[in-house]
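Enquirer: Right, I'll just put the structure down here and ask away after.
Since every read-out is calculated from the coordinates, none of them should be taken as a lab result. Computed from a predicted structure; not experimentally measured. Here the Cβ is made from the backbone with ideal geometry for all residues, glycine too, and neighbour counts use every protein chain on show.
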């Protein structure tokens, strides 16, 4: 995937993770899982294990969007660095043309 595509994808991910709907859903799901885990009797280790697994899977799901957003930030930095290097190269060429061997 190109840096430009990663940046677009990251923007989409940021829109999702910053939306009130997503934030509310995330808080609700994690809260419901935590409540369910607290309500299960201590002797029900199998159910505790299942709920912990569900919390982990929910975490992976929510973290996926954040990872995409972070990858986009890295792509933005890489793209900016390329642009900066290109600009420096263009400035060097312009200086050479202006002050080089055969300059007027």
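Enquirer: Over all Cα pairs of the chain, how is the pair count split among 10 Å bins, expressed in % and running from 0 up to the last occupied bin?
Expert: Pairs per bin, as whole percents: 13, 24, 19, 16, 11, 7, 5, 3, 1, 0.
Enquirer: Compute the angle between helix 3-18 and the longest alpha-carbon principal axis of the chain, please, reported from 0 to 90 degrees and rounded to the nearest 10.
Expert: Helix 3-18 and the main axis of the chain meet at about 40 degrees.
Enquirer: Can you give the calculated 222 nm mean residue ellipticity of the chain, where each DSSP H run of n ≥ 4 adds -39,500 (n - 2.57) and the sum is split over every residue, rounded to the nearest 500 deg cm²/dmol?
Expert: -31500 deg cm²/dmol
Enquirer: If you don't mind, there's one more thing I want to ask. Hey, rough spin-label estimate for residue 88 and residue 27, points 7 angstrom out along Cα→Cβ, what's it come to in nanometres?
Expert: Label at residue 88, label at residue 27, 4.6 nm between them.
Enquirer: OK, next. What do you get for the angle between helix 45-99 and the principal long axis of the chain? Use alpha-carbon atoms, 0 to 90 degrees, nearest ten.
Expert: Tilt relative to the chain: about 10 degrees.
Enquirer: Next question, about the same structure. Compute the long axis of helix 20-39 from its Cα atoms, compare it with the longest principal axis of the Cα atoms of the chain, and write down the angle in degrees, 0 to 90, nearest 10.
Expert: 40 degrees
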